[in-house]
1. All but one of (1) under 21 Å from the mean Cα position of the chain (by Cα); (2) within 30 Å of Thr197 (Cβ to Cβ) hold for Val93; which doesn't?
2. List the number of the failed condition for Val240; all other conditions in (1) surrounded by fewer than 16 Cβ atoms within 10 Å (Cβ to Cβ); (2) farther than 27 Å from Phe191 by Cα hold.
3. Can you tell me which residue is nearest to the chain's Cα centre (by Cα) among those in the range 152-172 that are in contact (Cβ under 8 Å) with a residue 60 or more places away in the chain and surrounded by fewer than 24 Cβ atoms within 10 Å (Cβ to Cβ)?
4. Do we find that Ser353 is over 30 Å from Pro174 (Cβ atoms), surrounded by fewer than 24 Cβ atoms within 10 Å (Cβ to Cβ) and either at pLDDT 90 or above or of a type in the set (Gly, Ala, Ser) (or both) in this structure?
5. Being more than 24 Å from Gly122 (Cα to Cα), in contact (Cβ under 8 Å) with a residue 24 or more places away in the chain and touching a Gly at 6+ places or on another chain (Cβ under 7 Å) narrows it down to one residue among Phe303, Phe375; which is it?
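The values are calculated or read from the model by the stated rules, or taken from the named source; none is laboratory data. If you're wondering where the values come from, they're calculated on a predicted model, not measured in any experiment. Every residue, glycine among them, receives a Cβ derived from its backbone with ideal geometry; neighbour counts consider all protein chains shown.
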Amino acid sequence: MFVVLLLAVPSPMVVAPLGTAGAPSTIAALGGFALWAWFHVQRTAPGAVDRQPVRLAALGWLLAILAVYAYAMGSPLPGDEISPADSGLLKAVGLVGLVVLANDGTPTFERHRALVRRLLIGVGLVAVLGVVQYSTKQLFVDRLSIPGLTNGTADWVLSTRSGLIRPSGTATHPIEFGVVLTMVLPLAITFALRSPTRRWLYRLLLAPIALAVFLSISRSAVLCALVALVVLAVRWSARVRLGALVVTLGATAVVYLLVPGVLGTIGRLFTGAGNDPSITSRTDSYQIVETFFERSPVLGRGFGTFLTRYWILDNGYLGLLIEGGVVGLGGLLLLIATTLVAASTARRAAAASFDQEVAHALLAAVAAGACSLAFFDTFAFPQSAGCFFLLIGLVGASRRLALQDATTTRVAAVERRRTEEVVA
């Protein structure tokens, strides 16, 4: 259900009284955290012996955000920042709810594969919508009317860059759209190459996902896609790498021929970066970050309280440094590092080769999401934040299932040897 709410309901549509925390996916994530907490409060059977590092790191980050919130509420916070602080706390609880529910609530690898497949198919369909938006120059989703939801943004229109349409799918902004695509791109490639069944479907979905990354005309999306591909290619053989290079060059040529101007515009995003106002805004923000950080370096000013009227940082790490201080940012970095290590552990421990490939693809996906935080305020957009934290939870589940299966196999082998010794 969460994947449907995250991807099918346009991000700008919210429950108005809840403000920025009123996205249906955020509400569902909060419900997921409550469900997870209730399960652990009332269960009578002991939990897993393994400490679940991803779950612990996620809960540790949530405790850090709670400390930040308590500090902010005890500080002379401006009146117009109190509601954003409340919303920020709710969003953090929901994001951690995604992690712990996916980590603990995925019972088998079959279920794990199904969740990954649904995320991949959902993003693939959103990519198709993005291609249609580019082709028709119409947003379409702005015509939706969902009872109980209202448009939470004032400028819900197709944006342009250098005269070219930038699709956004069901996301709030083309950058968010591109970042979500790049996080799922390594999963799409892995399923297209390695899936035991329906490879034709995943190859069909891979095409619009890759094309929509180009059409988003986003520097952040291109850089995150490169990170995802480099991490993914580490596990490939030389033959597969060569094939991937040929396919990439071919796809680039197709984009050049069928969508004139897109590659040139993307190229100028990098070659003309020195004169790009968005780059200048990012570099000019360093002094502002230093000023705010010096006021409260440990616990920050409150998660979600650095309003856009102060400055648009376009950097999730710097934003969290201001809002959460060293404690908040350190907790997030620890969560990301723990997740990357957990994905590597799952890859080594998984018995089935396809589960190993999926674990590595999840590692690449989380690496792309972590990269996006350096170029884009992920936490300000529910679709990108929800996708990133869901992937973190899927990594935790992959590690837990792989180690459980390995332990079960070892125990069975020991019991078999003992039986053979008794019989002998």
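1. Looking at each condition in turn, Val93 falls short on (2).
2. It is condition (2) that Val240 fails.
3. So the residue we want is Thr172.
4. Judged against the criteria, Ser353 is a match.
5. So the residue among Phe303, Phe375 that is more than 24 Å from Gly122 (Cα to Cα), in contact (Cβ under 8 Å) with a residue 24 or more places away in the chain and touching a Gly at 6+ places or on another chain (Cβ under 7 Å) is Phe303.
For every residue, the table says whether it meets (1) among the charged types (D, E, K, R); (2) at pLDDT 95 or above; (3) under 20 Å from Val180 (Cα atoms); (4) touching a Cys at 6+ places or on another chain (Cβ under 9 Å).
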{"site": "Gly330", "(1), (2), (3), (4)": "no, yes, no, no"}
{"site": "Leu340", "(1), (2), (3), (4)": "no, yes, yes, no"}
{"site": "Ala361", "(1), (2), (3), (4)": "no, yes, yes, no"}
{"site": "Val366", "(1), (2), (3), (4)": "no, yes, yes, no"}
{"site": "Phe381", "(1), (2), (3), (4)": "no, no, yes, no"}
{"site": "Gly396", "(1), (2), (3), (4)": "no, yes, yes, no"}
{"site": "Asp405", "(1), (2), (3), (4)": "yes, no, no, no"}
{"site": "Arg418", "(1), (2), (3), (4)": "yes, no, no, no"}
{"site": "Val423", "(1), (2), (3), (4)": "no, no, no, no"}
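Per-residue answers, yes or no, for (1) acidic (Asp, Glu); (2) modelled with pLDDT of 95 or more; (3) touching a Gly at 6+ places or on another chain (Cβ under 7 Å); (4) in a helix (DSSP H, G or I):
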residue: Thr170; (1), (2), (3), (4): no, no, no, no
residue: Met183; (1), (2), (3), (4): no, yes, yes, yes
residue: Leu187; (1), (2), (3), (4): no, yes, no, yes
residue: Leu193; (1), (2), (3), (4): no, no, no, yes
residue: Thr197; (1), (2), (3), (4): no, no, no, no
residue: Leu211; (1), (2), (3), (4): no, no, no, yes
residue: Ser220; (1), (2), (3), (4): no, no, yes, yes
